[in-house]
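The values are calculated or read from the model by the stated rules, or taken from the named source; none is laboratory data. Please read these numbers as outputs of a predicted model, since none were measured by experiment. Glycine also receives a Cβ, built like all others from the backbone with ideal geometry; neighbour counts cover every protein chain displayed. We work out accessible area using only protein heavy atoms, side chains counted, and drop any ligands, DNA or RNA first. Shrake-Rupley method; radii C 1.70, N 1.55, O 1.52, S 1.80 Å.
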Amino acid sequence: MFNPATIQKLNKLPTPFYYYDLGLLEKTLDSLKKESGKYGYTVHYALKANSNNEIVTAIRKKGFGADCVSGNEVKRAVECGYASDHIVFAGVGKSDAEINYALDQDIFCFNCESLQEMEVISGLAGTRTARVALRINPNVNANTHKYITTGLEENKFGINLWELETVIGRMKTLKNIQLIGIHFHIGSQVTDMNAYKSLCTRVNEIQEWFVSHKIPLEHINVGGGLGLDYHEPDKNAIPDFASFFKIFADFLEVRPGQKVHFELGRALVGQCGSLISKVLYVKKGISTSFVILDAGMTELIRPALYQSYHKIENLSQINNQRSTINNRYDVVGPICESSDCFGKAMMLPETHRGDLIAIRTAGAYGEVMASQYNLRDKVKAIYSN
Ligand code: LLP
């Protein structure tokens, strides 16, 4: 929600830029802490959603851990003050240099995605012991966009259920690996809570397998993926963490002494960020008018890549009593591709050159996925305080 004072302040700044409402971030984190705390769950923030120092540090200060998918993300977490025993490292293609760096930092856990990776980690560990969790592909459908579905057998992620016997057999011969748990992640922007129920059922079955093989598991990491309301960012500014965690409390069988971990990214940071842009031109097309912004797919690629919806607001007209939302526009960027479109047939008040536009729910997978295609300037970030 943008108040007139904020709009006035933002209007004076050169566009485009990301604007982060740190007050909303704080409220979101407080709610997360309260709801996860009810069950003693541990939450690691998935840095891939937004790795800006200010955001990563604010999350660390609330006591959450870090979920990283590259050596540089591990480095960012360390630089932002995360204790090494609060850092987990996932990813299907960890390089030797990345593994070495994480070993040097003595991170809490490697989420291992293949037998080959485990062999490499064991070799590189030398005389040290690397703690690992097996990332198991649960073959559960997250009912989300196919590009961000990760828990089906057809996806490249994790170890398949039918490989478990072989992997465990081989693992027992690896001297420098200590198996401390199992890890799952079914996908991102998950809004169908039944998908998490299915995950719990599958994890329970898999746990039975480990029990029958007399392999103790101290940690169960069920990943992240909790989705956001991109249509009503103000009404649902804080995700429904209570219902999310309750599903796991109700359906996941936790054995004595076991700890349950989550890796949430989008749900923590998505709603606090907006991409702020100005209208360069309003151009008449055949069946629609184009609002051409000074931000494009270079700053926010989600609509072009996943056909995702982001609410678009004309901040210059938001408090204009006379403006009624009765104009249909295609809102596009300046990049030389037709996929550079933030939304087709968007209903907006009459829009003019120079109007300030907010593209909402852009705090997750926005700035981190920005590029400099067309030799664009690197997008900047502004923080409320
Ligand atoms: N854990 C693992 C192993 C992951 O692969 C991911 C996200 C997460 C946790 C965090 O998921 P989240 O809670 O943020 O949904 N660029 C895409 C999203 C890619 C997500 C990749 N993995 C987008 O813009 O929608």
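Name the residue that is nearest to the ligand (Cβ to nearest atom), counting only residues in the stretch 207-234 that are more than 19 Å from ASN139 (Cβ to Cβ) and charged (D, E, K, R).
ASP229
Just checking, which of GLU54, GLU73, GLU163 is more than 21 Å from LEU32 (Cβ to Cβ) and among the acidic types (Asp, Glu)? Walk me through how you get there before you give the answer.
Numbers: GLU54 fails: more than 21 Å from LEU32 (Cβ to Cβ); GLU73 fails: more than 21 Å from LEU32 (Cβ to Cβ).
When all the criteria are applied, what remains is GLU163.
Run down VAL92, VAL88 and say which single residue is within 15 Å of the ligand (Cβ to nearest atom) and under 26 Å from LYS33 (Cβ atoms). Steps first, answer last, please.
Details: VAL92 fails: under 26 Å from LYS33 (Cβ atoms).
That would be VAL88, the only listed residue that is within 15 Å of the ligand (Cβ to nearest atom) and under 26 Å from LYS33 (Cβ atoms).
Quick one: in the stretch 32-56, which of the residues that are open to solvent by less than 30 Å² (accessible area, probe 1.4 Å) and part of a helix (DSSP H, G or I) is nearest to the ligand (Cβ to nearest atom)?
Among those that are open to solvent by less than 30 Å² (accessible area, probe 1.4 Å) and part of a helix (DSSP H, G or I), it is ALA49.
Can you pull out the residues in the stretch 250-273 that are part of a strand (DSSP E or B) and either modelled with pLDDT under 95 or within 15 Å of the ligand (Cβ to nearest atom) (or both)?
Step one: of the stretch 250-273, the residues part of a strand (DSSP E or B) are 259-264, 273.
Those that are part of a strand (DSSP E or B) and either modelled with pLDDT under 95 or within 15 Å of the ligand (Cβ to nearest atom) (or both): VAL260, HIS261, PHE262, GLU263, LEU264, GLY273.
Under 23 Å from ALA66 (Cβ atoms), away from the ligand (no atom under 15 Å from the Cβ), without any contact (Cβ under 8 Å) to a residue 60 or more places away in the chain and not acidic (Asp, Glu): is that true of ARG131 in this structure?
On the way: under 23 Å from ALA66 (Cβ atoms): yes; away from the ligand (no atom under 15 Å from the Cβ): yes; without any contact (Cβ under 8 Å) to a residue 60 or more places away in the chain: yes; not acidic (Asp, Glu): yes.
Answer is yes for this residue.
Kindly indicate which of ILE238, ILE186, ILE220, ILE247 is open to solvent by 30 Å² or more (accessible area, probe 1.4 Å), under 30 Å from ILE55 (Cβ atoms) and in contact with a helix residue (DSSP H, G or I) (Cβ under 9 Å, 6 or more places away or on another chain). Working first, answer last.
Working: ILE186 fails: open to solvent by 30 Å² or more (accessible area, probe 1.4 Å); ILE220 fails: open to solvent by 30 Å² or more (accessible area, probe 1.4 Å); ILE247 fails: open to solvent by 30 Å² or more (accessible area, probe 1.4 Å).
Going through ILE238, ILE186, ILE220, ILE247 in turn, just one is open to solvent by 30 Å² or more (accessible area, probe 1.4 Å), under 30 Å from ILE55 (Cβ atoms) and in contact with a helix residue (DSSP H, G or I) (Cβ under 9 Å, 6 or more places away or on another chain): ILE238.
Might you check whether a residue that is within 16 Å of the ligand (Cβ to nearest atom), at positive phi and under 20 Å from the mean Cα position of the chain (by Cα) occurs anywhere in the stretch 157-168?
Checking the stretch 157-168: at least one residue is within 16 Å of the ligand (Cβ to nearest atom), at positive phi and under 20 Å from the mean Cα position of the chain (by Cα).
Cβ-Cβ below 7 Å, separation at least six or inter-chain, first residue in the stretch 323-344 and of a type in the set (Lys, Arg), second open to solvent by 80 Å² or more (accessible area, probe 1.4 Å): which pairs?
Within 7 Å, the pairs are ARG328/MET347.
Among the residues of the stretch 102-119, write down those that are under 20 Å from LYS75 (Cβ atoms) and open to solvent by 60 Å² or more (accessible area, probe 1.4 Å).
If the condition is that a residue be under 20 Å from LYS75 (Cβ atoms) and open to solvent by 60 Å² or more (accessible area, probe 1.4 Å), then ASP104, ASP106 are the ones that fit.
On the basis of being open to solvent by less than 20 Å² (accessible area, probe 1.4 Å), out of contact with any Pro (no Cβ under 8 Å at 6 or more places or on another chain) and more than 16 Å from the ligand (Cβ to nearest atom), does ILE286 make the cut? Give the steps one after another, and end with the answer.
Values: open to solvent by less than 20 Å² (accessible area, probe 1.4 Å): no; out of contact with any Pro (no Cβ under 8 Å at 6 or more places or on another chain): yes; more than 16 Å from the ligand (Cβ to nearest atom): yes.
Answer is no for this residue.
Looking at (1) within 12 Å of the ligand (Cβ to nearest atom); (2) buried (at least 23 other Cβ atoms within 10 Å of the Cβ), which one does ALA77 not meet, given that it meets all the others?
Result: ALA77 passes all but (1).
I'd like to know if the stretch 123-130 contains one or more residues that are under 23 Å from the mean Cα position of the chain (by Cα) and among the hydroxyl-bearing types (Ser, Thr, Tyr). Spell out how you get there, then give the answer.
Let us first name the residues in the stretch 123-130 that are under 23 Å from the mean Cα position of the chain (by Cα), namely none.
The answer is no, given that none of the residues of the stretch 123-130 is under 23 Å from the mean Cα position of the chain (by Cα) and among the hydroxyl-bearing types (Ser, Thr, Tyr).
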